[in-house]
Structure formats: structure tokens, C-alpha cells
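Structure, as C-alpha cells:
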Amino acid sequence: MVQRVGTVAFEGIEARSVDVQVQVAPGLPAFNVVGLPDKAVSEARERVRAALIASGLALPARRITVNLAPADLPKEGSHYDLPIALGLMAAIGAIPHDALDGYTVLGELGLDGTIAAVAGVLPAAIAANGRGEGMICPAACGPEAAWASPEMEIVAAASLIQLANHFKGTQVLSRPQPKVREIAGTGLDLKDIKGQESAKRALEIAAAGGHNLLMVGPPGAGKSMLAARLPSILPPLLPDELLEVSMIASVAGEIEGGALTNARPFRSPHHSASMPALVGGGLKARPGEISLAHGGVLFLDEFPEFEPRVLDSLRQPLETGEVAIVRANHRATYPARFMLVAAMNPCRCGHAAEPDYVCKRGANTRCMADYQARLSGPLIDRIDLVIDVPAVTCADLLLPPPAEGSREVAARVALARDRQAARYAGLGMPQVRTNAQVQGARLEDVARPDGSGLTLLRDAAQSMRLSARGYHRVLRVARTLADLDGADKVARIHIAEALSYRTGVDDLRRAA
Ligand SMILES: Nc1ncnc2c1ncn2[C@@H]1O[C@H](COP(=O)(O)OP(=O)(O)O)[C@@H](O)[C@H]1O
Ligand SMILES: [Mg+2]
């Protein structure tokens with residue numbers, strides 16, 4: 001007889017149904033797992049054997065075959081241990097034959113029979129709930145699974161023995177409750193930054209419209225400091241964003257203690273990050289930093305120091321909001337709609353832009369051009385705001401702390417975001433929440449400037465030789481400026497300010 005247990009395999013953040021079929025047949029003692037398992041799945045045999053023995057159950061001295069169907073779907077990860085072990089327990093009568101019907105099962109086993117946390121419980125629970133099934137998962141992941149639905153049945157156990165007792169009815173496990181992690185304020189506030197008013201303004205605009213931002217300035221100007229304070233002015237995740245962002249974190253195994261959080265992600269990978277680390281994929285199908293930044297911020301400090309190949313791989317996700325990873329036997333798509341915030345020095349030594357600095361590598365301009373040429377034109381073109389962050393002067397540092405801090409700025413950002421969301425919902429695009437997400441004709445429509453604004457834009461487009469993409473980016477930023485102003489129509493001053501954030505782009509593009 002074949003015992004069946006339901007579990008899942010992940011394709012991107014989607015959980016596909018997998019059927020674990022366990023057969024115990026007469027023959028020489030053997031234990032085989034078939035159905036395109038990866039190394040971690042093949043090792044399940046050893047963990048299952050040890051865990052069953054530790055739980056007081058011996059494997060029968062017969063021929064055991066485990067098939068993971070459908071066989072053409074690659075199976076990765078350690079979460080197949082528990083469905084295999086429970087299938088075997090049902091096959092040998094240690095739990096009732098029908099106990100596992102209507103459950104999706106995930107979990108990794110320790111040699112002592114304990115059940116360890118696994119990645120991907122949230123998307124698996126959502127998929128199980130969609131099929132009208134319950135879920136059996138590790139105790140540590142119970143609160144995460146409970147987010148899928150308040151009604152679905154969830155059995156979250158710490159060990160195989162607990163599960164056996166649960167199904168025998170001797171010790172019934174109670175349903176876990178969804179948990180939220182309190183946002184621990186980082187204690188970083190815009191108040192800490194003296195001077196740099198225009199940089200703070202650009203940060204506010206970027207946060208309001210979800211725009212990409214590049215800060216260029218000498219070392220010590222406070223670029224990293226500014227970026228680190230971006231989370232303090234971003235609004236919290238909306239409920240449906242929270243679920244999507246958490247699904248990615250879940251598949252990456254980054255949800256601690258099963259508690260979700262509504263703080264927007266802020267990821268700042270080091271410039272030595274490899275391509276798989278940044279965009280995802282690699283040996284294991286895993287979301288990269290750009291997907292973990294979905295709904296939030298990807299901060300790339302020392303921007304030109306990243307490998308050019310790695311930087312150029314950002315181009316497609318920046319445009320489409322998702323990343324497709326294709327491997328020999330597998331294709332996965334992960335969401336990757338993030339705000340790119342980057343910081344760089346103007347040249348390798350960092351001081352080329354300062355007055356009366358003489359670079360020993362030759363003319364300052366050459367040193368700058370060499371360094372900035374590491375960024376490709378098409379990548380720079382995808383950045384809406386490029387700003388100069390000049391060195392802070394002593395006079396600035398001696399100033400009293402600014403009156404306005406993150407709280408005031410966050411309030412304006414939230415208001416501007418509400419205005420955008422309401423506008424796009426009114427236009428029948430509820431999935432669009434920020435100006436950064438609007439494209440082409442729609443953008444030209446919502447950001448159409450008034451008469452004098454249009455004249456200014458037309459002249460500037462010609463003299464600055466704006467590309468089509470550049471032209472749209474100016475409109476998009478101008479729309480955000482109008483939203484911050486509470487204005488329905490984009491006016492000349494909005495266009496003028498938006499254009500001022502393009503001059504830096506042109507300087508960099510010329511270098512590229
Ligand atoms: N505007 C500023 N106000 C207060 N302190 C500053 C400011 N700019 C820089 N600093 C100080 O200089 C240090 C270096 O800033 P940092 O953000 O790392 O510079 P960058 O990333 O531009 O090289 C900060 O830790 C802070 O102590
Ligand atoms: Mg820095």
C-alpha cells in the first residue's frame with residue numbers, strides 16, 4: 001500500500017503542491033528517495049531514520065521507497081524530512097492511516113526527533129489554505145503559518161513524539177497565534193544631520209514618490225548617514241504589501257521566531273556582493289538582496305565599487321519590478337520592486353570636486369571621469385534624482401540641531417503617498433501606489449504640466465538632450481513635487497526643481 005502526504009516545492013515565492021508517496025514493500029531492506037531530489041532532500045533519509053529511532057520507532061526491515069511527485073519539479077531544501085517521516089509512521093501504523101489527509105506538511109528533523117524551523121512556511125500555508133487544507137509545521141514556524149488565515153487548522157509541533165501524541169489524542173496541540181514583531185526604532189533621526197538641507201529635501205522627495213536616488217559627494221559628507229535615516233521617514237507597509245514582503249522573507253528563511261513586521265525592508269549589501277547574492281539564484285533557488293528589498297530600499301554604498309556586471313543586472317528589475325532567474329532545470333520569478341538609493345565619491349580618492357585639490361593621478365576631471373565611467377549610461381538613466389552632497393563645514397557642525405526631524409518629514413511623506421495611492425485607485429490602478437510605478441502614456445496624463453511648465457520642459461528637453469526615459473523621469477519627479485505641495489496640477493516650479501535633479505545625471509552620463 002502507498003501512503004500519501006501533501007507538501008510543497010517552491011518556484012519563486014509560489015508554493016507548488018508535491019505529493020510524497022511512501023511505499024513499504026517486501027524485499028531486501030532499503031530506503032530510497034526518488035523524484036528529482038537535491039542533496040538536502042537525499043540526506044533526509046539519514047535524518048528520518050535517526051529521528052524515528054530516537055522517537056522509539058524502528059524502520060521496518062523492508063524495502064522503503066519514497067517518491068516525490070510530480071517528478072519533473074526540482075525539490076530543494078530540508079522541509080521534506082517531516083512529510084517523509086510522517087508518511088512512514090502512517091505506513092507502519094504508528095499514527096492512524098488517515099491522520100495526514102487534508103494537511104500540507106513541512107519541517108526539518110533533527111537526529112533526536114525534534115522538528116526544526118524551515119524556510120517558506122508562510123507561502124506554503126497560504127497555498128494550503130487556498131486548497132482548503134490544514135498545515136503541519138515546526139513549532140517555531142507556527143505563528144508565521146497562522147498569518148495565512150484565522151480559520152485554517154494548524155498543527156505546530158516541536159517533536160515527532162508530540163505529533164504522534166496529538167494524532168493519538170493523548171496531548172492535543174493548540175493552534176498557534178499570528179505574531180507581529182514590534183518595530184524597534186533604530187534611534188536614527190534626520191535631526192542628527194546638521195546642514196545638508198538640499199540632500200534632506202531630495203531624500204524626502206525620493207521617499208514620497210518611491211524614486212531612485214544617487215548621492216555624490218566627498219568622504220565624510222554624511223551620505224551613508226543620510227541613507228541610514230531613510231527608514232525613519234518611510235511609511236509602514238500596508239497590509240497586502242506586508243504579506244507579499246513577508247512571503248519573500250519567508251522563502252529566504254529570514255523570518256525570526258515566526259513574527260512578521262510592517263517595517264519597510266532596508267537592505268545594504270556590501271560592494272563585494274556577488275551576482276547571485278544580489279539578484280538571487282545561484283546553487284540554491286533563493287531570493288537575492290533586490291527581492292529582499294521589495295517594497296523598501298536597496299542601499300548601495302560606494303556604488304562604483306560594485307562589479308559592473310552586477311550593477312548592470314539591476315537594470316531589468318529596476319524597469320519591471322521583478323527578476324527572472326533561469327537555471328538549467330528551473331525558472332523562478334521573484335518580485336523586486338525596490339527604491340534604489342546609492343552613494344558614491346566623485347572619484348577614487350574622493351576629493352576631486354573640492355576647490356584647490358590637486359589629484360596626483362592627473363587632472364581632477366580625468367580622475368573623476370575614470371571613476372564615474374564604471375557606471376553604465378543605461379543604469380544612470382534609471383535614477384530619477386542625482387544630487388551633490390558637499391562636505392559639511394565646521395560652521396554647519398556648530399549649528400544647533402535642526403528643529404525639524406524625521407517625524408515631521410515622515411508625516412509629509414505619508415500625506416504625499418496617500419495622495420498618490422488615492423489618485424491611482426481612482427484611475428482604476430489600485431496596485432500602483434507611488435509615482436515611481438507609473439509608466440508612459442499614463443504618466444504623461446497624470447503629470448501633464450500647465451502652460452508655462454510645458455514651455456520650460458520643452459526647452460530643457462532640447463538643451464539638456466533628455467532621452468525619452470529621462471523626459472519621463474523629470475515628469476515623474478515633478479508629479480511627486482506637486483503631490484508634496486498638495487497641488488493637483490504640475491506647475492512650472494515643480495518642473496524646474498525636477499530638472500535640477502537631472503543635471504547630475506547628465507554629468508555622469510557624459511562620463512559613462
Ligand atoms: N551633516 C552632518 N551632520 C553631523 N555629522 C556629520 C554630518 N556629515 C558627516 N557627519 C559625521 O561624519 C561621519 C561620516 O559620515 P558618513 O555618512 O559616513 O559620510 P560619507 O558616507 O559621505 O563618507 C558621520 O558618522 C558623522 O559623525
Ligand atoms: Mg559612506
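The values are calculated or read from the model by the stated rules, or taken from the named source; none is laboratory data. These figures come from a predicted structure and were not determined experimentally. With ideal geometry, Cβ positions are generated from the backbone for all residues, glycine too; neighbour counts draw on all protein chains shown.
Please work out which one of (1) more than 24 Å from Ala252 (Cβ to Cβ); (2) out of contact with any Ser or Thr (no Cβ under 7 Å at 6 or more places or on another chain) is the condition Arg16 fails and give its number.
(1)
Would you check if Ser463 is out of contact with any Leu (no Cβ under 7 Å at 6 or more places or on another chain), hydroxyl-bearing (Ser, Thr, Tyr), farther than 16 Å from Ala207 by Cβ and touching a residue at least 40 places away in the same chain (Cβ under 8 Å)?
no
How many of the residues in the stretch 191-247 are of a type in the set (Val, Ile, Thr) and away from ligand 2 (no atom under 16 Å from the Cβ)?
Residues that pass the stated criteria total 3.
Tell me yes or no: at least one residue of the stretch 180-193 is touching a strand residue (DSSP E or B) at 6+ places or on another chain (Cβ under 6 Å), under 27 Å from Glu302 (Cβ atoms), within 16 Å of ligand 1 (Cβ to nearest atom) and in contact (Cβ under 8 Å) with a residue 24 or more places away in the chain.
No, the stretch 180-193 contains no residue that is touching a strand residue (DSSP E or B) at 6+ places or on another chain (Cβ under 6 Å), under 27 Å from Glu302 (Cβ atoms), within 16 Å of ligand 1 (Cβ to nearest atom) and in contact (Cβ under 8 Å) with a residue 24 or more places away in the chain.
Answer yes or no as to whether Ser232 is assigned by TED's automatic domain parsing to the domain that holds Ile383, assigned to a helix (DSSP H, G or I) and of a type outside the set (Phe, Trp, Tyr).
For Ser232, the condition - assigned by TED's automatic domain parsing to the domain that holds Ile383, assigned to a helix (DSSP H, G or I) and of a type outside the set (Phe, Trp, Tyr) - is met.
How many residues does the stretch 182-200 contain that are surrounded by 15 or more Cβ atoms within 10 Å (Cβ to Cβ) and not aliphatic (A, V, I, L, M)?
Of the residues in the stretch 182-200, 7 are surrounded by 15 or more Cβ atoms within 10 Å (Cβ to Cβ) and not aliphatic (A, V, I, L, M).
So Leu457 fits all but one of (1) in contact with a helix residue (DSSP H, G or I) (Cβ under 6 Å, 6 or more places away or on another chain); (2) under 30 Å from Asp189 (Cβ atoms); (3) in a helix (DSSP H, G or I); what number is the exception?
(2)
Could you list, in sequence order, all residues of the stretch 201-224 that are assigned to a helix (DSSP H, G or I) and surrounded by fewer than 18 Cβ atoms within 10 Å (Cβ to Cβ)?
Of everything in the stretch 201-224, those that are assigned to a helix (DSSP H, G or I) and surrounded by fewer than 18 Cβ atoms within 10 Å (Cβ to Cβ) turn out to be Arg201, Ser224.
Go through the stretch 19-36 and count every residue that is surrounded by fewer than 20 Cβ atoms within 10 Å (Cβ to Cβ) and under 15 Å from Gly77 (Cα atoms).
Count: 2.
With the requirement that a residue be under 19 Å from Leu190 (Cβ atoms) and either more than 16 Å from ligand 1 (Cβ to nearest atom) or among the β-branched types (Val, Ile, Thr) (or both), what does the stretch 371-392 give you?
Leu385, Ile387, Val389, Val392
Show the residue pairs meeting these rules: Cβ distance below 7 Å; 6+ apart or different chains; first residue within the stretch 3-18 and of a type in the set (Phe, Trp, Tyr); second residue modelled with pLDDT under 90.
Partner pairs satisfying both residue conditions: Phe10/Ala285.
Within the stretch 1-12, is there a residue that is among the aromatic types (Phe, Trp, Tyr) and part of a strand (DSSP E or B)?
yes
Between a first residue in the stretch 204-231 that is farther than 16 Å from Val413 by Cβ and of a type in the set (Gly, Ala, Ser) and a second residue that is part of a strand (DSSP E or B) and near ligand 1 (Cβ under 10 Å from one of its atoms), which pairs have beta carbons less than 6 Å apart while being 6 or more apart in sequence or on different chains?
Partner pairs satisfying both residue conditions: Ser224/Asp301.
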